[in-house]
Amino acid sequence: MSLHSKFPILPLALLLGLPWPAIQAQEGAIAPPVDPAMDALLQLVEGGEPPAAQKPQVTQAPEKSTTVVINLINRMVEKGLLTKEDAGELLQQAEDDAIAARQQAAMAIAAAEQAAEVARRLNEGGGITPNLDPLFSENPEDTVRVTYIPEHIRNQMRDEIRQDVLEQAKAENWAAPNSVPEWTKKFRVFGDVRARYESMHYPEGSDNTGSFPDFNAINTGAPFDIAGNVFSPQLNADQDRERLRFRVRVGAEVSLVDGFTAGLRIATGSDNSPVSTNQTLGGSGNFSKYAIWLDRGYLKYETGIGDGRLALSLGRFDNPFFSSEVMWDDDIGFDGIAMQGSYNLNRVTPFFSAGAFPVYNTNLNYATNQPAKFESYDKWLYGIQAGLDWKVRKDLDLKLAIAYYDFDSIEGVLSDPYTPLSASDAGNTDASRPAFAQKGNTYRAIRNIIPSALNNYGTLYQYQYFGLATPFRVVALTGKLDYNKFEPIQISLSGEVIKNLAFKKSDLEPIAINNRGVVSRSGLAPFEGGDMAWIAGLKVGHTAMQKRWDWNFGVNYRYVESDAVVDGFTDSDFGGGGTNLKGFTIFGNLAVSPNVWLGVRWMSADEIAGPPLKIDILQFDVSAKF
């Protein structure tokens, strides 16, 4: 290793005020002898005096600063006390062995000039110039006491040398400030992991006689023969269950030029449910591997307009609307295009969101089992929301918004009359059934099956699918009030009121096949569905789990009638997911580190209309984020 390749370490090791490791002989080990002159030098640089027992006898020598530095470097290299690894510890990376000799020579000259400047300043202040050459003389003759280097001069030397070395490191790309490629700075990687214990308890009194058809199981499989079976697939109404679940989500966002951003996220999931990324442990059996799904993938453009902001998103992205979990589950992703904007008017910030989202797109070859294809039956969601953030006073914030959601063609449609002779004989409106459902919405049969001799006049081959019995055009008023008097503790009140304007109970009475009440004397059960929903909640504590012992807790109560919202998109946890439920939730969270927290939640739900159903759910979570 050349002399010049070692030089940048010397000013940092001696002049930045860093302690030099003591070299001592320990039991069972052999170490180089201690050099008294070296110890004295370090004492001087650190602003002290040499130990009394080891004060060096310094011989007066010519005041040649360059000679002083060169002698000191040679001495350090010869003793093996200065290595390339020292530079790596000080600058967090190893020095480049191939630094040009010309650049190193320039640095040596600059350091010598700095040493000379220090000597000049000391002389001007009346002190004796600390000539260090005699420290390396074998036979010193004349001795003087060397004065200490004042702290303000040491600080100035440290700052100047540090700046010189960092600038060189940046220019040559061998130290931390510029060691990471520029393109990596545009990436933001994030994710979270959650482990959950979940217990579902069904109290006595729930109806287990076949009153809860599993419409999702029916509609996502072969059509159900209502003539050849006593019971359709049924939801659990009486047997307690326990399960362990976990969720893993990992994403990245890339900042592009001119306001553009691209992002994606992958996540676990037992299936392609739009409202859950939970994976049940053991759900596939025998330690089978689990699936990873594309959960987000989008391109976003953002720009500022005065004190305003405008954003446009394309692809699959987070919920763009201000809402509660009754309207939209927390995990749901929106496919399509959305625009969001806001404008700051001092204490009030108006905002809006709008978008168009394909809920279902007809298969290109529908129906696949015949040469003549059926007409497309596409479903869309059109949503628009307007609201405001209002700084009522210093410690009080109010957020209000009203939204309108038009679910175009989401309801089931009765098919043209026909007689299916097998489960594969499709109806021309089969695509009007929901691709995913939870429970609670009112359903109707969508195949218009003609009784004939071919099906024994309706007693055979009644292969049926089921669609939503009502259209959905939903108005939602959402609000949140935050009180920050005790910051960082926040007290929040939140709520939402929802109404399905398209719901007409009279239209559903003759076609509804669920949500029926007690059978009357005539044998016809009345329809008991509804179109209203609301939720109100209180939350106290830290808004986010950012450091150890951060906490929050809360409670809410909800009342969600059968057809207030689409059951496939609402909360998937309360009451096992879906609508036609009422009850309360109690929850709490406690951080055990800046990135890890514990959570517990208790939910108690009862069916509103139709046969009785009660579900109590307990969840324990361990969550982490990065």
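The values are calculated or read from the model by the stated rules, or taken from the named source; none is laboratory data. If you're wondering where the values come from, they're calculated on a predicted model, not measured in any experiment. Cβ coordinates were reconstructed from backbone atoms using ideal geometry, including for glycine residues, and neighbour counts include every protein chain displayed. Note: areas computed on protein heavy atoms with side chains; ligands, DNA, RNA excluded. Shrake-Rupley method; radii C 1.70, N 1.55, O 1.52, S 1.80 Å.
Out of all the residues in segment 197-235, which are in a loop (DSSP other than H, G, I, E, B), under 28 Å from Arg601 (Cβ atoms) and either open to solvent by 50 Å² or more (accessible area, probe 1.4 Å) or in contact with an Asp or Glu (Cβ under 7 Å, 6 or more places away or on another chain) (or both)?
Passing the criteria: Tyr202, Pro203, Glu204, Gly205, Ser206, Asn208, Leu235.
Would it be correct to say that Lys439 is modelled with pLDDT of 95 or more and either among the acidic types (Asp, Glu) or under 17 Å from Ala512 (Cβ atoms) (or both)? Before you say what the answer is, go through the steps one by one.
Values: modelled with pLDDT of 95 or more: yes; either among the acidic types (Asp, Glu) or under 17 Å from Ala512 (Cβ atoms) (or both): yes.
Yes: the conditions hold for Lys439.
Could you grab me the full set of residues in segment 529-552 that are of a type in the set (Gly, Ala, Ser) and modelled with pLDDT of 95 or more?
Gly530, Ala533, Ala536, Gly537, Gly541
Return the pair list, or none, for Cβ contacts closer than 9 Å from residues in segment 376-400 that are assigned to a strand (DSSP E or B) to residues that are among the β-branched types (Val, Ile, Thr) and open to solvent by 60 Å² or more (accessible area, probe 1.4 Å), at least 6 apart or on different chains.
From segment 376-400, the pairs are Gln385/Ile402; Ala386/Ile402; Gly387/Ile402.
Name every residue in segment 534-553 that is surrounded by fewer than 18 Cβ atoms within 10 Å (Cβ to Cβ) and assigned to a strand (DSSP E or B), in order of residue number.
Ala536, Leu538, Val540, Trp551, Phe553
Identify the residue in segment 360-405 that is in contact with a Pro (Cβ under 9 Å, 6 or more places away or on another chain) and of a type in the set (A, V, I, L, M, F, W, C) and, among all such residues, is farthest from Gly467 (Cα to Cα).
Leu388
Yes or no, residue by residue, for (1) open to solvent by 70 Å² or more (accessible area, probe 1.4 Å); (2) farther than 23 Å from Glu325 by Cα:
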residue	(1), (2)
Ala453	yes, yes
Asn456	yes, yes
Tyr461	yes, yes
Tyr465	no, yes
Thr470	no, no
Arg473	yes, no
Thr478	no, no
Glu487	yes, yes
Ser492	no, no
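Those residues that are exposed (fewer than 14 other Cβ atoms within 10 Å of the Cβ) and closer than 18 Å to Thr429 by Cα, I need them from segment 370-392; list them, please.
Gln370, Pro371, Ala372, Glu375, Ser376, Asp378
Looking only at segment 239-262, how many residues end up being in contact (Cβ under 8 Å) with a residue 12 or more places away in the chain, outside any strand (DSSP E or B) and loosely packed, with under 14 Cβ neighbours inside 10 Å?
Quick first cut of segment 239-262, residues in contact (Cβ under 8 Å) with a residue 12 or more places away in the chain only: 239-256, 259-262.
Restricting the remaining residues to those that are outside any strand (DSSP E or B) gives 239-240, 256, 259.
Retained after the next criterion (residues that are loosely packed, with under 14 Cβ neighbours inside 10 Å): 239-240, 256.
So the answer is 3.
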